Amino acid sequence: MDAARCTLGRYYGTQNCRDLGQSIEHFERARDLCPNDHPCRSAALFNLATANFISCQVNGKYLDLDIAISLFQDALDLRPTGHPDRPATQLHLAIAFLSRFVKHGIPNDLDNAIVLHRQALDLEPISHPGRCSSLNNLAGALRVSFMHQGNHEDLDEAITFHRQALDLQPVGHPDRRSSLNYLASALSISFTHRGNHEDLHEAIKFHRQALDLLQIGHPNQCSTLSDLASTLHISFKHQGNYGDLDEAITFNRQALDLWPVGHPDRSLSLNSLANTLYTSFEHRGNYEDLDEAITFHRQALDLRPVGHLSRRYSLHNLASALDISFTHRGNEDHLDESITLYRQALDLLLVGHPDRSLSLNNLGNTLHASFEHRGDHEDLDEAITFHRQALDLLPVGHPARYSLLNNLAGELCDSFMHRGDEGHLDEAITLHRLTLDLQPVGHPDRCPSLHNFAGTLSTRFKHRGNDKDLDEALANANFALSLTGTHDPRQSAVHGNISDIYVLYHESRLQTTGEDANNLNAAMAHIKAASDSISGGLLFRLRKSLRWVSIARQYTHSTLLEAYATSMQLLDSYMSTAASVSSRHHTMKGFPLTLAVDAASCALQCGDECRAVELLEQGRNVIWTQMARFRMPIDDLRERDDHAEALVTKFRELSHLLDKPPAEHPAGTPRIKVDAEATRYTRLVDEWSNAVEEIRKLEGFSRFLLPPQFSDLQDAARDGPIIILVASKSSCNAIIVPHQQSPVSIQLATNVEKLVQQGVRLHQTVRGASKTGGRLVEVLRELWNDIVSPVVKHLRRLGFAQPDSRIWWCPTSLFNFLPLHAAGEYRRGGKNLSNLYISSYTPSLTALIRARRSHDRSQTVSFAAIGQNRPAGATYALQSVEPELDLVRSLVPAVSTVSFTKVTSVESTKSVALRTLQANHWLHFACHGTQNLMEPFNSAFLMRDKPLTLLDIAQTDLSRHEFAFLSACETAVGDYRTPDEMIHLAAGLQFAGVKSVIGTFWTVEDATVRHLVEAFYKNFCGDGKMNSKRAARALHKAVQSLATNKDIPLDQRIVFMHIGV
């Protein structure tokens, strides 16, 4: 027996399970040596039971509790009433019964535990030193009974016993802290179930007193901090005091700091902190809180592997946070992961488990969100099934029943809208009314229920036209709005709902009463409020602003231009949250492709050409514009003072970090690492935005990085007028932007449908796919008659009549795919644009201004010609590449100020080509070029080993580069799905910084290249001078020289185009 006690004592000190196992073996031998009538047998049984019970707790083998309980029972039988050790035995047996009840739910175990605790208490008079413990133990069992059986008498008795225990432990008593915490926890439970705020205030008070009794470093400090944080969290949820929430977060952070990384109990603090941060995001809309919550929930889940008793809680909590993240940001990966995690959590709950209803509810909600996003009816059917199952598990009167009723109502309404089942619509209305009956005035969730009910009533009004439904919808929505706070994320949704209701009033010509009698204006005011509500989240606000555009356009409302500008600003902000260029492009495809041109068209209809130009600059080339922001030179600001210098340094450091390509995550990378990288990027964007705001406060920098004003944009026309072509469904227009005069708008005799047809015919012709229709000359004549000729007439009226003067085309939308520079009558004595002007292109006015920005030019010209005749995967070699490189070398001036680098096909790997591109400011590419229509940023120059992609080029700073000749196919072909983003190799080089670029509209033949390259370089630098501004004129003359060569077909004579200065 002594050896067993010694070994067990050693276990308490070392926590070595081998010591625990040895103690059990020693105690078993001691029991076997004591027959039934031996005076030490009860002690041997008690000690063996204790060691077995500890082993169950440590190893998680709760089935072995049966052994411990049997041993304790045998020991108790040998210790009759009056035996000095009977109370201790009763206590241990009661604890064992309670443990088995918690794990297996056997009702008799709970009853037995309570009876034993009562018997132990009856044996201890008020003066007994163990009475406090017995009171708290009995109270604890009664609390468990209340939580499982809902008998309020059990809870009242528990609170009474905890108060009696506390009264027996005056200030200064070593165990007073424990009793304070026990009583506080019981009062917190009482408040949660009965809503008595005095219980909550007392709970917080007692937890604070308990915390004050602990010295820093005390082993119970962590649990006490967590308990107080939990109660403050509950207080905030019911009373809305942000001070309580902030304190809860602070105390949870302090508790987390007390656990070393990897400690199994650290998951509790991680989970608690994540939950409070999640609540903070719900009420404040701060994405940093949500990102932190997701990170902490992932860490908690990692500490709860498969088989861990609390794993389902972490699965549920992480799934919930990811679901909210999807709702606010639209990340489909988060939606899919949320559904997976909810399914895993549900699988851990057997039929009949009390928490199964909650799990079914959460999974149903996320499947409903998936249906709303993807339209898969299987998701909706599953959601309805799960919510019906969950509702069946909750009896009438259950406090969580209202949530299920509300959720099921929303799904049934959606089912009606997509399938027309009127029974579902009426059932939804009934369920909404039942929901509100369970949420009296003052209930914290009454606001969303009113909001949802209003939406369903609006749906029924649209279907049946009952005025009372619409009136009730408006009343409910307004009531919901009155329940939202200033920073409530729900405010944006409620405003949007009210706006839709007023639109229905306007459409049905019904009259409302009160100050919002002008229905359409009221609708616009509320949808504007929804778009402006910062707490609503960028994605939701963006969607509401697009709804604003739709309504204002439909009814020709005066706020339409404001709606367009708001939408473009929000789209720009939302796009900036995506870390990679390709993800921004993918995001862009999910929104209206013609937003900017439609906005400009609207401004033109209002007679405001200047505003039209501003809107086009703001809403087009968003991806390139965002990249350019991180490369904005502001060296002049550094010289002002120390504050300005510090701001410049901060701005440049953050811009450098954001301009770097995001880290690539191979398959199998832990999700927590991927999320951490995304959170880091989001925080950098926020810091960068704050630095920009600080710079704007400085004199002369108030518009730093804001969308440019027309007065600034007009400088792009300093060397010649710019013609912006706008193609929208309402009209097609040309805007001529001179340098000194006001812009002029021309309505063109074409439309979107005709532009599409011309693009198709052009594509078929140059591909040789059409033998009869769609001849190239016919398309070029149509371009002349419909577009170019009216522009030329106005140019001459404006005084731009000098032969061979320069003009710049800035096409939008479908105009991007047409060779405007080659338009003409193509008949003897007829007019062709190339005989009148030298045409260049620019993707935007800002890009042209940026290309003209002067840098300190080097005295020497570093020119590189890069060739590749047989890239990886090619089945044949381009025979003209190496001779072309030699030809360029012979034509570039061989003078001391010009250095020439030739990279042959053998040498030109991707890495070599990229290094050469970075090191030389004058470039000539002779190789295969390809436009990737599915992923345009993977368009590339094909090198020996792998492609040099547009993404590689975009992520390279070429701001000091002068010129690039792209002797490759399809280098100026954009993406048909996002035409106004100008995602092709030629534009990419200019946006990256190259001042002057020559590219190709379609496939170019070897014979054309040889003749044109020779003619171009002779005109470009035949006199020994190198100036990138001469490129357009040199190309113009080279193309004219090809006109007399009958062996070169027309499509090859017009294939090259010039972009830039």
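The values are calculated or read from the model by the stated rules, or taken from the named source; none is laboratory data. Worth saying up front: this structure is predicted, and the values here are computed from it rather than measured. Positions of Cβ are generated from backbone atoms using ideal geometry, with glycine treated the same way; all protein chains shown enter the neighbour counts.
Counting only residues that are modelled with pLDDT of 90 or more, more than 22 Å from residue 743 (Cα to Cα) and in contact with a Phe, Trp or Tyr (Cβ under 7 Å, 6 or more places away or on another chain), give me the strands (runs of 3 or more DSSP E) lying completely in region 794-891 with at least 3 of them. Walk me through it before giving the result.
On the way: elements: 805-811, 837-841, 861-867.
Per the criteria, 861-867.
Got a sec? Which of 924, 984, 961, 928 is modelled with pLDDT of 95 or more, surrounded by 16 or more Cβ atoms within 10 Å (Cβ to Cβ) and in the same structural domain as residue 865 (by TED's automatic domain parsing)? Write out each step before concluding.
Working: 984 fails: modelled with pLDDT of 95 or more; 961 fails: modelled with pLDDT of 95 or more; 928 fails: modelled with pLDDT of 95 or more.
Going through 924, 984, 961, 928 in turn, just one is modelled with pLDDT of 95 or more, surrounded by 16 or more Cβ atoms within 10 Å (Cβ to Cβ) and in the same structural domain as residue 865 (by TED's automatic domain parsing): 924.
Can you tell me which residue is nearest to residue 284 (Cα to Cα) among those in region 337-356 that are assigned to a helix (DSSP H, G or I) and touching a Ser or Thr at 6+ places or on another chain (Cβ under 8 Å)?
At the first step, the residues of region 337-356 found to be assigned to a helix (DSSP H, G or I) are 337-347, 356.
Remaining after also requiring touching a Ser or Thr at 6+ places or on another chain (Cβ under 8 Å): 338-339, 342, 345-346.
Details: 338: 22, 339: 25, 342: 26, 345: 28, 346: 30 Å.
So, considering only residues that are assigned to a helix (DSSP H, G or I) and touching a Ser or Thr at 6+ places or on another chain (Cβ under 8 Å), the one nearest to residue 284 (Cα to Cα) is 338.
For the structure I just gave you, tell me whether residue 155 is within 20 Å of residue 96 (Cβ to Cβ) and of a type outside the set (Ser, Thr, Tyr). Against the criterion (within 20 Å of residue 96 (Cβ to Cβ) and of a type outside the set (Ser, Thr, Tyr)), residue 155 does not qualify. The condition of being within 24 Å of residue 227 (Cα to Cα) and more than 26 Å from the chain's Cα centre (by Cα) holds for only one of 315, 277, 358, that being 358. Would you check if residue 788 is assigned to a helix (DSSP H, G or I) and under 15 Å from residue 1050 (Cα atoms)? Judged against the criteria, residue 788 is not a match.
Results for (1) in the same structural domain as residue 929 (by TED's automatic domain parsing); (2) in contact with a His (Cβ under 6 Å, 6 or more places away or on another chain); (3) under 29 Å from residue 596 (Cβ atoms), shown as yes or no for each residue.
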position: 798; (1), (2), (3): no, no, yes
position: 801; (1), (2), (3): no, no, no
position: 807; (1), (2), (3): no, no, yes
position: 817; (1), (2), (3): no, no, yes
position: 826; (1), (2), (3): no, no, no
position: 859; (1), (2), (3): yes, no, no
position: 862; (1), (2), (3): yes, yes, no
position: 867; (1), (2), (3): yes, no, no
position: 873; (1), (2), (3): yes, no, no
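Is it true that residue 249 is closer than 25 Å to residue 297 by Cβ and modelled with pLDDT of 90 or more? Answer is yes for this residue.
Across region 1019-1052, the qualifying residues are those that are charged (D, E, K, R) and surrounded by fewer than 20 Cβ atoms within 10 Å (Cβ to Cβ), and the one among them that is nearest to residue 827 (Cα to Cα) is 1046. The residues listed here are 853, 915; of these, the one that is surrounded by fewer than 16 Cβ atoms within 10 Å (Cβ to Cβ) and closer than 20 Å to residue 1059 by Cα is 853.
Condition check for residue 305 on (1) assigned to a helix (DSSP H, G or I); (2) within 23 Å of residue 344 (Cβ to Cβ); (3) not polar (S, T, N, Q): one failure, at (1). With the structure loaded, tell me whether residue 902 is of a type in the set (Lys, Arg) and buried (at least 19 other Cβ atoms within 10 Å of the Cβ) or whether it fails that test. So residue 902 fails the test. Looking across region 392-420, the residues that are over 15 Å from residue 456 (Cβ atoms) and part of a helix (DSSP H, G or I) come down to 392, 393, 401, 402, 403, 404, 419. Consider residue 86 carefully, then state whether it is farther than 30 Å from residue 350 by Cβ, at pLDDT 80 or above and touching an Asp or Glu at 6+ places or on another chain (Cβ under 9 Å). For residue 86, the condition - farther than 30 Å from residue 350 by Cβ, at pLDDT 80 or above and touching an Asp or Glu at 6+ places or on another chain (Cβ under 9 Å) - is not met.
I'd like to check something: does region 459-477 contain any residue that is within 25 Å of residue 503 (Cβ to Cβ), surrounded by 13 or more Cβ atoms within 10 Å (Cβ to Cβ), among the hydrophobic types (A, V, I, L, M, F, W, C) and at pLDDT below 90? Looking through region 459-477, none of the residues is within 25 Å of residue 503 (Cβ to Cβ), surrounded by 13 or more Cβ atoms within 10 Å (Cβ to Cβ), among the hydrophobic types (A, V, I, L, M, F, W, C) and at pLDDT below 90. Of everything in region 426-483, what is more than 19 Å from residue 408 (Cα to Cα), free of Cβ contacts under 8 Å to residues at least 60 places away in the same chain, of a type outside the set (A, V, I, L, M) and not in a helix (DSSP H, G or I)? Give them in sequence order. Hits for region 426-483 are 440, 442, 443, 465, 466.
Annotation for region 281-291: no member residue is crowded, with 24+ Cβ neighbours inside 10 Å, in a helix (DSSP H, G or I), modelled with pLDDT of 90 or more and not hydroxyl-bearing (Ser, Thr, Tyr). Residue-level check: of (1) out of contact with any Leu (no Cβ under 7 Å at 6 or more places or on another chain); (2) under 29 Å from residue 329 (Cα atoms), residue 217 misses just (2).
Here are 218, 238: which of them is touching a helix residue (DSSP H, G or I) at 6+ places or on another chain (Cβ under 9 Å), surrounded by fewer than 21 Cβ atoms within 10 Å (Cβ to Cβ) and in a loop (DSSP other than H, G, I, E, B)? Break it down stepwise before answering.
Details: 238 fails: in a loop (DSSP other than H, G, I, E, B).
Unique residue meeting the criteria: 218.
Taken over region 195-248, the criterion of being under 16 Å from residue 181 (Cβ atoms) and among the charged types (D, E, K, R) is satisfied by 199, 202, 205, 208, 212, 227.
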